[in-house]
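Notes for the one structure printed next.
The values are calculated or read from the model by the stated rules, or taken from the named source; none is laboratory data. Given the structure is predicted, the values throughout are model-derived calculations rather than measurements. Counting neighbours? That spans all protein chains shown, and the Cβs are built from the backbone with ideal geometry, glycine included. Side chains included, ligands, DNA and RNA excluded: accessible areas come from the protein's heavy atoms. Shrake-Rupley method; radii C 1.70, N 1.55, O 1.52, S 1.80 Å.
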Amino acid sequence: MTPKTKKKMTVADFKRYKQEGRKFTYVTAYDYTMASIVNESQTEVILVGDSLGMVMLGYASTVPVTLEDMIHHTRPVVRGAPDTFVAGDLPFGSYNVSAEEAVRQVNRLVKETLCDCVKLEGGAEAAETVRAIVASGTPVMGHIGLTPQTAASLGGLKVQGVTPEGARKIIADARALEEAGAFSIVVECVPVALGQALSAAVAVPILGIGAGPHVDCQVLVLQDLLGMYGDLQPRFVRRYANLRADIIRALNQFNEETRNGAFPGPEHCFNHEVALERIY
Ligand code: KIV
């Protein structure tokens, strides 16, 4: 059981923090141990992101991730982080058939994991679905700008909203999501000026990942900020640790000490008197 370190944020706190100009942080987690570590930190929000497709499952994109994968990873995170607001991501294919089908999938994710809200990708075109999920009783976090599930239609994993029309569309998307009832909106990979304009355009907080310093909350993938995941190194990531190198160093020391006999030491052994002739 992790010690209680903070008061868990509520949906109402998201808007309040924005009104008070109080910035906050939001990271991903996909398992119990990492969630319990985040829970002991001052981080206010955890996302069980479909980025687990790459970070945990080794896929090349988030597209193959299933609702079962999300349920499997969200449950231990909720158990590990009782004092942290946990968002569960809706995977590709779980909410793009119809609003009714989306509500059915959301009901499963929430009932089987007890996450605090769901997140889904899409702007104005997803507004009807957002409205239906909110009406069914689950808070919704939007996700616009670079939306990795549909990156192929956006021309790949690249900065969005760089033209005036592109920027205007993203602002219209944010307004449509807010109007549909989303309580917060992730904005990924947009120019600094657009991040700032988005934050000014809506009353709900803009949770920025690669969206510059003027948004209301900063989001990072945990393995990126801890320097654990080596496959992709987006420009917007700052590494606050280099755990990949630390882990490799520790494993190599374990290997060396096993080979040279330094491990295990007497303090790691059970030194009960046992008559060997009785064992063999
Ligand atoms: O799945 C994820 O990790 C995300 C973040 C990049 C916001 O959607």
Log entry, pairs with first residue in region 204-229 being without any contact (Cβ under 8 Å) to a residue 60 or more places away in the chain, second being of a type in the set (S, T, N, Q) and open to solvent by 30 Å² or more (accessible area, probe 1.4 Å), beta carbons closer than 8 Å, six or more apart or on different chains, reads G208/Q218; I209/Q218; G212/Q196; H214/Q196; V215/Q196; D224/Q233; G227/N242
At pLDDT below 95, within 23 Å of T150 (Cα to Cα), within 15 Å of the ligand (Cβ to nearest atom) and not basic (K, R): which single residue out of A87, A60 fits that description?
A60
Considering each of V130, V118 in turn, give the residue that is under 26 Å from D13 (Cβ atoms), within 14 Å of the ligand (Cβ to nearest atom), in contact with a strand residue (DSSP E or B) (Cβ under 9 Å, 6 or more places away or on another chain) and free of Cβ contacts under 8 Å to residues at least 60 places away in the same chain.
V118
Region 127-218: helices (runs of 4 or more DSSP H) wholly inside it with 3 or more residues that are among the small types (G, A, S) and surrounded by fewer than 20 Cβ atoms within 10 Å (Cβ to Cβ) are 164-180, 192-201
Condition (residue is touching a residue at least 24 places away in the same chain (Cβ under 8 Å), part of a loop (DSSP other than H, G, I, E, B), open to solvent by 10 Å² or more (accessible area, probe 1.4 Å) and over 16 Å from L226 (Cα atoms)) applied to region 24-37: is it met by at least one residue?
no
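Listed here are the residues, each with its yes/no results for (1) surrounded by 15 or more Cβ atoms within 10 Å (Cβ to Cβ); (2) within 23 Å of F183 (Cβ to Cβ); (3) charged (D, E, K, R).
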| residue | (1), (2), (3) |
| --- | --- |
| V63 | yes, no, no |
| M70 | yes, yes, no |
| G80 | yes, no, no |
| V97 | no, no, no |
| E100 | no, yes, yes |
| V106 | yes, yes, no |
Could you check, for region 237-250, whether at least one of its residues is in a helix (DSSP H, G or I), open to solvent by 100 Å² or more (accessible area, probe 1.4 Å) and either closer than 30 Å to T43 by Cβ or modelled with pLDDT of 95 or more (or both)?
yes
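From F85, F92, which residue is open to solvent by 10 Å² or more (accessible area, probe 1.4 Å), in contact with an Asp or Glu (Cβ under 8 Å, 6 or more places away or on another chain) and of a type in the set (F, W, Y)?
F92
Report yes if M54 is open to solvent by less than 20 Å² (accessible area, probe 1.4 Å), assigned to a helix (DSSP H, G or I) and within 12 Å of the ligand (Cβ to nearest atom), otherwise no. If you could, list the steps in order and put the result at the bottom.
Numbers: open to solvent by less than 20 Å² (accessible area, probe 1.4 Å): no; assigned to a helix (DSSP H, G or I): yes; within 12 Å of the ligand (Cβ to nearest atom): yes.
Considered against the rule, which asks whether it is open to solvent by less than 20 Å² (accessible area, probe 1.4 Å), assigned to a helix (DSSP H, G or I) and within 12 Å of the ligand (Cβ to nearest atom), M54 comes out as no.
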